[in-house]
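Student: Following this message is one structure expressed as structure tokens.
The values are calculated or read from the model by the stated rules, or taken from the named source; none is laboratory data. Bear in mind that the values here come from a model prediction, so they are computed numbers and not experimental data. All Cβ positions, glycine included, derive from the backbone under ideal geometry; neighbour counts span all protein chains shown. For accessibility, only protein heavy atoms count, side chains too; no ligands or nucleic acids. Shrake-Rupley method; radii C 1.70, N 1.55, O 1.52, S 1.80 Å.
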Number of protein chains: 2
Amino acid sequence: MLGIVEVGPRDGLQNERALLDTDAKVELISLALAAGARRIEAVSFVRPDAVPVMADAEAVMERVPRSPGVSFIGLVLNPRGYRRAVAAGIDEVNVVVPASDGFAKANQNSTTAALTAVAEEVVAEASAAGLFTTVTVATAFGCPFDGEVDPARVFAIAERAARAGAREIAVADTIGVGVPTQVRELLEGVRSAAPGVATRAHFHNTRNTGYANAVTAYEWGVGSLDSSFGGIGGCPFAPNATGNIATEDLVALLDRMGVDTGLDLDALLPIADLLSGLLGYRVPALLPRAGAFGGASRTSRT
Amino acid sequence: MLGIVEVGPRDGLQNERALLDTDAKVELISLALAAGARRIEAVSFVRPDAVPVMADAEAVMERVPRSPGVSFIGLVLNPRGYRRAVAAGIDEVNVVVPASDGFAKANQNSTTAALTAVAEEVVAEASAAGLFTTVTVATAFGCPFDGEVDPARVFAIAERAARAGAREIAVADTIGVGVPTQVRELLEGVRSAAPGVATRAHFHNTRNTGYANAVTAYEWGVGSLDSSFGGIGGCPFAPNATGNIATEDLVALLDRMGVDTGLDLDALLPIADLLSGLLGYRVPALLPRAGAFGGASRTSRT
């Protein structure tokens, strides 16, 4: 069993040019739920002027179908976002800290050190409130401004996040430059820095390394993987690039490896067509183009 | 060190709609050589009426620049093709045997057993002539007609090929349905069935599993990997699908893992633009779209 966090509604849509309305978002989330998604990063609580596509976060959370065993995650960057998230009724908080100062400066005019302190504050408050809290270390595999990122910077954030009470540490390849050797090194280091804390990994397929990274993360015991329906999301630093690893391609791969994700491929497949229509281009996931393979390990599911 | 066999001129172009002329093929091969390619599957010697794009195989081989340490591979299916290959001056022969009867029937109106016997004949003749000979087991990871393929069928072909004198056994994921667990199983089984014989693997990224398979093959000691400049080649059984794993994406991935391939990424990158122009669509390789990452492990090459 490997947990999959559906991040299409948040990281996916946040990096698309098209602004989907609340109806479309709720429909997409409902389809993901129907396909078996149990953790959904549905919204981010960030400045609406900076990220207009997430301005309806509260409205989305008001309308998503809630049920036991399904957890909605809200991404936040600071205590103000955290309070909005709580008021909106999210089930989990995901706080992001960039591992590189170049990215922290460009994105939030800050530093890794300052944003780590902010994350500690959010995590402490959320933990006191009994909320499951993840700290995601962004640009953990490389930074568009600083280049290579010293893994020690990632581990230092993980250690402080764990001490503050984070229940999960995610390593994120924000710009899609990671490779499997880094996955091993970062997962091992995070486990040492934050013993007993769950791990999660977030990959983009910008340069065709995302699925190799996902398989390596699974083999090295990661608790959960992020993926995005249709593989949407692009890369803000590479205009023609593909986005997050695609949920349907990841699930098909894991299915054939005998790894249960709780997700149903047949229910996932139609989402890409809907997305392509909404976004106005053919989304990057490959399975909807090539067709699922009707081999034994797949037909055994039905 | 991991050997890369450039199969763009053969498997790539053979599955593209555009028919490139001999000039274009020789130019592409020359660029691959300039980027450091040392084994190039340049042509196939098959029936010109069945595969018109390979009808100029002799003309291509007459014009490619030859130099010590560079090996040109010709794909053949039978003794007639083998004799054409020898007459054309190839350095190595690659004989293909489908592991599934459905594919053998559809492609050559034959059976795996009959084509294994044909391959033995070619291998014996080539070995007697001192030519390095590979037997490629096609549809080793799944068949578009028969579905799942019993690995025992792959191992039986490998064993007979090795006895006949094959110097290398390749496992090919002809339709891009393979996953890393299969890579391990097939590589281990082939090594047992053909001890001491070199291994090679051929992956398509049809369903986004190609690079994960390539990394797994490397980790499990494969001798060489096939890849295609630009990731061209499509899939004859999935009209919208991507093709072979792309040489430039594979090399970038391996570079950052610290694996030397002898190939120079900066020299490879411009090939995709030329190919996109020649073929009339944007080729599937992602690195030319996203841009190379200027991190330390890459800049250390220059």
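Student: Being open to solvent by less than 50 Å² (accessible area, probe 1.4 Å), on the phi < 0 side of the Ramachandran plot and not in a loop (DSSP other than H, G, I, E, B): is that true of residue B:158 here?
Tutor: Yes, satisfied.
Student: Counting just the residues of region B:224-282 that are surrounded by 24 or more Cβ atoms within 10 Å (Cβ to Cβ) and of a type in the set (D, E, K, R), which one comes out nearest to residue A:178 (Cα to Cα)?
Tutor: Ranking the candidates gives B:256 first.
Student: Could you tell me how many of the residues in region A:103-118 are open to solvent by 40 Å² or more (accessible area, probe 1.4 Å) and among the β-branched types (Val, Ile, Thr)?
Tutor: Residues that pass the stated criteria total 1.
Student: Out of curiosity, is residue A:93 part of a helix (DSSP H, G or I) and touching a residue at least 40 places away in the same chain (Cβ under 8 Å)?
Tutor: The answer is no for residue A:93.
Student: Scan (1) open to solvent by 10 Å² or more (accessible area, probe 1.4 Å); (2) facing chain B (nearest Cβ under 9 Å) for the single condition residue A:196 breaks and write down its number.
Tutor: (2) is the only condition that residue A:196 fails.
Student: Looking only at region B:119-143, which residues are out of contact with any Pro (no Cβ under 7 Å at 6 or more places or on another chain), crowded, with 20+ Cβ neighbours inside 10 Å and in a helix (DSSP H, G or I)?
Tutor: If the condition is that a residue be out of contact with any Pro (no Cβ under 7 Å at 6 or more places or on another chain), crowded, with 20+ Cβ neighbours inside 10 Å and in a helix (DSSP H, G or I), then B:119, B:120, B:123, B:126 are the ones that fit.
Student: Let me ask something else. If residue A:293 passes every condition in (1) modelled with pLDDT under 95; (2) under 30 Å from residue A:107 (Cα atoms); (3) open to solvent by less than 60 Å² (accessible area, probe 1.4 Å) but one, which one does it miss?
Tutor: Going through the list (1) modelled with pLDDT under 95; (2) under 30 Å from residue A:107 (Cα atoms); (3) open to solvent by less than 60 Å² (accessible area, probe 1.4 Å), residue A:293 breaks only (2).
Student: Going residue by residue through region B:205-216, is there one that turns out to be part of a helix (DSSP H, G or I), in contact (Cβ under 8 Å) with a residue 40 or more places away in the chain and open to solvent by 30 Å² or more (accessible area, probe 1.4 Å)?
Tutor: no
Student: If we scan region A:239-256, do we find a residue that is within 12 Å of chain B (Cβ to nearest Cβ), farther than 18 Å from residue A:37 by Cα and among the β-branched types (Val, Ile, Thr)?
Tutor: Yes; the residues of region A:239-256 include at least one that is within 12 Å of chain B (Cβ to nearest Cβ), farther than 18 Å from residue A:37 by Cα and among the β-branched types (Val, Ile, Thr).
Student: Pick out the one residue from A:258, A:196, A:230, A:277 that is over 17 Å from residue A:140 (Cα atoms) and out of contact with any helix residue (DSSP H, G or I) (no Cβ under 9 Å at 6 or more places or on another chain).
Tutor: A:277
Student: Got a sec? Which strands (runs of 3 or more DSSP E) wholly within region B:1-90 have at least 1 residues that are buried (at least 16 other Cβ atoms within 10 Å of the Cβ) and among the basic types (Lys, Arg)?
Tutor: B:39-45
Student: Which residues, taken from region A:178-193, are surrounded by 24 or more Cβ atoms within 10 Å (Cβ to Cβ), touching a strand residue (DSSP E or B) at 6+ places or on another chain (Cβ under 9 Å) and among the hydrophobic types (A, V, I, L, M, F, W, C)?
Tutor: A:183, A:186, A:190
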